[in-house]
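These notes are about the structure you will find just below.
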Amino acid sequence: MQETLAPMWQSLRGFSPGTASNPNVEENMTQALKGKLALVTGASRGIGAAIAARLAQDGASVIVHYASNPARADAVVKEIRDAGGEAEAVGANLSQTGGVKSLIEALNGAFRGRFDGRLDILVNNAGTVEYGPFLDSSETSYDTHFNLNVRAPIELAKDAAARMVATGWGRIINVGSAFGEAAPLPGVTLYIASKFALRGFTRGLSRELGRYGVTVNAVQPGPIDTELAPQPGTEDHATMTKLASVGRFGKPAEIAAAVAYLASPEAGYTTGESLTVDGGWIA
Ligand SMILES: NC(=O)c1ccc[n+]([C@@H]2O[C@H](COP(=O)([O-])OP(=O)(O)OC[C@H]3O[C@@H](n4cnc5c(N)ncnc54)[C@H](OP(=O)(O)O)[C@@H]3O)[C@@H](O)[C@H]2O)c1
């Protein structure tokens, strides 16, 4: 096996991004989004916080959206600014249409209106889940899942798409789930239904916006260590860990890396894609 691969490795020698052969690669990678305005929903913690930090690291000015916890959003903003990036926090409850509207209105004044109503990157990350058998689910469970996981991303994408079409460039990235592709476990039926819906929306919208220079993609995380997922030490955490080919939960930064690729100018030929980042969880 090693003998067969040896010539390939040899031919790859010397091709090392950021080395003497191409000293600018690293700089370009970290500033690829300079001058772009990004909105990341649910960025006060977990995956969204990691996405906000990563896009800021790549040069974007980032709106750190939160729902209920301004202190945590402020901490994310501070972390980004301390690292030399640009960010500001905006609060809105996206489970309610009024909250979506207020977030949209805030876009025009973002960064003191410097972007003049433009929005270049929308990351629909905020989401929620209720665990338990479907037959025991509450009357409001459908609304809980679909208002935040489906309706809010659709309404935000509608507004964002108009802004992006006007400039001829844009990136809409929906954070779905491996549960939007398969149903490896019971007890999350409405969550699965909502994430399948988000994947369908991603694909449909990509068909409509591609011609305007706007790509629409999804990143579908597997189990990631955040407050939303089963906590370490629980039976559910152990069960989910066993399903992953890599034998562990993922880290928020590993999802942020996938989002960063889809947000980058390099990803202009990728659209309608749902990139599953799950350690082989549903392989
Ligand atoms: N963690 C996983 O294992 C996993 C796996 C697959 C997919 N995902 C998806 O990844 C996304 C992020 O998940 P996460 O694990 O990072 O979640 P998380 O740690 O629970 O964070 C959720 C974020 O969403 C915000 N949020 C909650 N309710 C909201 C509402 N009504 N309106 C607006 N924002 C609201 C929260 O803001 P506040 O803090 O201000 O309340 C917080 O910033 C979700 O779409 C989730 O479905 C997660």
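Kindly provide the set of residues from segment 162-183 that are touching a helix residue (DSSP H, G or I) at 6+ places or on another chain (Cβ under 6 Å) and within 16 Å of the ligand (Cβ to nearest atom), ordered by number. It would help to see each step written out before you state the result.
Quick first cut of segment 162-183, residues touching a helix residue (DSSP H, G or I) at 6+ places or on another chain (Cβ under 6 Å) only: 165, 170-174, 176-177, 179-180, 183.
Passing the criteria: Ile172, Ile173, Asn174, Gly176, Ser177, Phe179, Gly180, Ala183.
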Counted residues in segment 116-161 being more than 20 Å from Ile51 (Cβ to Cβ), within 16 Å of the ligand (Cβ to nearest atom) and either hydrophobic (A, V, I, L, M, F, W, C) or assigned to a strand (DSSP E or B) (or both) come to 1
Among the residues of segment 90-115, the number that are within 13 Å of the ligand (Cβ to nearest atom) and part of a loop (DSSP other than H, G, I, E, B) is 5
Going by the structure shown, is Ala75 at pLDDT 95 or above and surrounded by 20 or more Cβ atoms within 10 Å (Cβ to Cβ)? no
The correct count of residues that are farther than 14 Å from Phe201 by Cβ and assigned to a strand (DSSP E or B) in segment 162-179 is 2
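Matching residues to (1) over 19 Å from the mean Cα position of the chain (by Cα); (2) in contact (Cβ under 8 Å) with a residue 60 or more places away in the chain:
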residue	(1), (2)
Ala87	no, no
Thr97	yes, no
Phe111	yes, yes
Gly117	yes, no
The correct count of residues that are aromatic (Phe, Trp, Tyr) and either within 13 Å of Phe146 (Cα to Cα) or touching a strand residue (DSSP E or B) at 6+ places or on another chain (Cβ under 7 Å) (or both) in segment 175-194 is 1
Is there a residue being surrounded by fewer than 17 Cβ atoms within 10 Å (Cβ to Cβ), hydrophobic (A, V, I, L, M, F, W, C) and assigned to a helix (DSSP H, G or I) anywhere in segment 185-201? no
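For (1) among the acidic types (Asp, Glu); (2) surrounded by 24 or more Cβ atoms within 10 Å (Cβ to Cβ); (3) in contact with a Pro (Cβ under 7 Å, 6 or more places away or on another chain); (4) farther than 19 Å from Pro265 by Cβ, each residue gets a yes or a no:
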| position | (1), (2), (3), (4) |
| --- | --- |
| Ile121 | no, yes, no, no |
| Thr140 | no, no, no, yes |
| His145 | no, yes, no, yes |
| Arg163 | no, no, no, no |
| Gly168 | no, no, no, no |
So for segment 209-223 (the condition being more than 27 Å from Leu37 (Cβ to Cβ) and either modelled with pLDDT under 95 or not in a helix (DSSP H, G or I) (or both)), does at least one residue qualify? yes
Of those in segment 14-62 that are of a type in the set (Ser, Thr, Tyr) and at pLDDT 95 or above, the residue surrounded by the fewest Cβ atoms within 10 Å (Cβ to Cβ) is Ser61
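Output the residues belonging to segment 229-253 that are buried (at least 17 other Cβ atoms within 10 Å of the Cβ) and either within 19 Å of the chain's Cα centre (by Cα) or not β-branched (Val, Ile, Thr) (or both).
Here is the first cut: in segment 229-253, the ones buried (at least 17 other Cβ atoms within 10 Å of the Cβ) are 229-230, 240-241, 243-244, 249-250, 252.
Passing the criteria: Ala229, Pro230, Met240, Leu243, Ala244, Phe249, Gly250, Pro252.
The values are calculated or read from the model by the stated rules, or taken from the named source; none is laboratory data. The model shown is predicted, which means the values in this text are computed figures rather than measured ones. Cβ atoms come from the backbone with ideal geometry, glycine included; neighbour counts cover every protein chain shown.
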